[in-house]
């Protein structure tokens, strides 16, 4: 987690996804982001509003 993209610290709630979710792809979508993971099936995760 980083507020300035220079200094980072480990996110306390990791892992945020279960096993067998690889080949992630993050795409900007309006004010947020979409995370696609692909392994046995495609999973889609949405971020909160990234403008906050």
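No lab work stands behind these numbers, since they all come straight from the coordinates. Keep in mind it's a predicted model, so treat the numbers as computed, not measured.
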Handout entry: Mean separation of Cα contacts under 8 Å, 6 or more apart, over the residue count of the chain: relative contact order %
Key = 24
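Over all distinct Cα pairs, what is the inverse of the mean 1/r for the chain, reported as the Kirkwood hydrodynamic radius in Å? Mind dumping the intermediate values first?
Values: mean 1/r = 0.0793 Å⁻¹.
With all distinct Cα pairs of the chain included, I get 12.6 Å.
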Problem - Full-extension gain in nm, residue 5 to residue 20, via 0.36 nm per residue minus C-alpha separation - result: 2.6 nm
